[in-house]
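Asks: Here it is, the structure, as structure tokens.
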Amino acid sequence: MTEATWTKNAIRVQLQTKLGKKRTRTFNNIAQNVTGDQLEKFGHLIALLTGETFLGVTETTTTNITGGKR
């Protein structure tokens, strides 16, 4: 039997500085089952705190898959 085990989520918030330079801020071990709306609001909050412009957010989920016959 194959089993999938959720390990962690991470997000990357893409921002742009006032000088036009793009930068990415990474946050690891965020909550599981976060909605797209929550991720976008978080990105806007980071932009507000840094004084940068919010461009987008990407979520990455790591899952371990084990089991099965060999």
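Asks: Just grab the label-to-label distance for T2 and F27, each label 7 Å out from Cα along the Cβ direction, in nm (one decimal).
Replies: 3.2 nm
Asks: For every other residue with a beta carbon closer than 14 angstrom to the beta carbon of T61, add +1 if it is Lys or Arg and -1 if Asp or Glu, then tell me the sum.
Replies: +1
Asks: Shifting gears a bit: Run the numbers for T62 and T35: contour at 0.36 nm per residue of separation, minus the present Cα-Cα distance, in nm.
Replies: 8.1 nm
Asks: Determine the sum of side-chain charges near Q32: Lys and Arg each +1, Asp and Glu each -1, restricted to other residues whose C-beta is under 13 angstrom from that of Q32.
Replies: 0
Asks: Another question about this same structure. Tally Lys/Arg at +1 and Asp/Glu at -1 over every other residue whose Cβ is under 13 Å from the Cβ of A10; what's the total?
Replies: In short, +2.
Asks: Quick check: convex hull of the Cα atoms in the chain, volume per residue, rounded to a whole Å³?
Replies: 88 Å³
Asks: Here is a further query. For K21, list the aspartates and glutamates whose Cα falls under 15 Å from its own Cα; do not include residues on the same chain fewer than 8 positions away.
Replies: Straight-line reach from K21, under 15 Å: E52.
Throughout, read-outs are computed from the coordinates displayed, never taken from laboratory work. On a predicted model such as this, the values are computed, not experimentally measured, just so you know. Please note: Cβ atoms are built from the backbone with ideal geometry, for glycine as well, and neighbour counts cover all protein chains shown.
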